[in-house]
Amino acid sequence: MSTHTATIAWQRDGQPFTDRRYRRHHQWRFDGGAVVAGSSSPQVVPLPMSDAAAVDPEEAFVASLSSCHLLWFLDIACRAGWVVDSYQDDATGLLAPDANGQLAMTVVTLRPQVGFAGAYQPDAAEIARLHHAAHAACFIANSVRTDVRCEPRIPTA
């Protein structure tokens, strides 16, 4: 068991508040020292109250799932003897009403494409097995009620 922390900080800085036009820009500070600009999504709260250049919670949710899958995939592939040269995931998340009519991240789709080194390459079944094992091991995917899908992009010969 381990504990992970993040400090999320926002300041009004004298701006009006009760008119609901306050800026949503804030900071995420992580236990390792990284600081990330956060904001609401401009799709949820219009500009200029949102900061389009900052990371919004929905993007962070998708990135967290993708990152966890990546880290498990690398570990499982390494243990299986494969050498991974590259990994890119163009992940997406859908914010939509759930079964109760509440907005939720209802589907996250991971689309990882992995490059392997060496003349002997894993076949599609092995790549699928590696992704399945990574998905099953991912702490974040195991922590959410969202339907998390993994759709690996397997290059064709």
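Conditions tested, residue by residue: (1) within 15 Å of the chain's Cα centre (by Cα); (2) part of a loop (DSSP other than H, G, I, E, B); (3) at pLDDT below 95.
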| residue | (1), (2), (3) |
| --- | --- |
| Q27 | no, no, no |
| P42 | no, yes, yes |
| V62 | yes, no, no |
| C68 | yes, no, no |
| V114 | no, no, no |
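One line per residue, one yes/no per condition, for (1) small (G, A, S); (2) in a loop (DSSP other than H, G, I, E, B):
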| residue | (1), (2) |
| --- | --- |
| N100 | no, yes |
| A104 | yes, no |
| G118 | yes, yes |
| R129 | no, no |
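Scan W82, W72 and give me the residue that is farther than 30 Å from D13 by Cβ, aromatic (F, W, Y) and in a loop (DSSP other than H, G, I, E, B). Steps first, please.
Values: W72 fails: in a loop (DSSP other than H, G, I, E, B).
From the options W82, W72, the qualifying one is W82.
Against the condition under 23 Å from N142 (Cα atoms) and not hydrophobic (A, V, I, L, M, F, W, C), how does S66 come out, does it pass?
On the way: under 23 Å from N142 (Cα atoms): yes; not hydrophobic (A, V, I, L, M, F, W, C): yes.
The answer is yes for S66.
Of a type outside the set (S, T, N, Q), surrounded by 12 or more Cβ atoms within 10 Å (Cβ to Cβ), without any contact (Cβ under 8 Å) to a residue 24 or more places away in the chain and within 30 Å of P152 (Cβ to Cβ): which single residue out of D56, D89 fits that description?
When all the criteria are applied, what remains is D56.
Could you check segment 1-35 and list, in sequence order, the residues that are in contact with a strand residue (DSSP E or B) (Cβ under 7 Å, 6 or more places away or on another chain), over 26 Å from A96 (Cα atoms) and of a type in the set (A, V, I, L, M, F, W, C)?
Hits for segment 1-35 are A6, A9, W10, F30, V35.
The values are calculated or read from the model by the stated rules, or taken from the named source; none is laboratory data. The model shown is predicted, which means the values in this text are computed figures rather than measured ones. Here the Cβ is made from the backbone with ideal geometry for all residues, glycine too, and neighbour counts use every protein chain on show.
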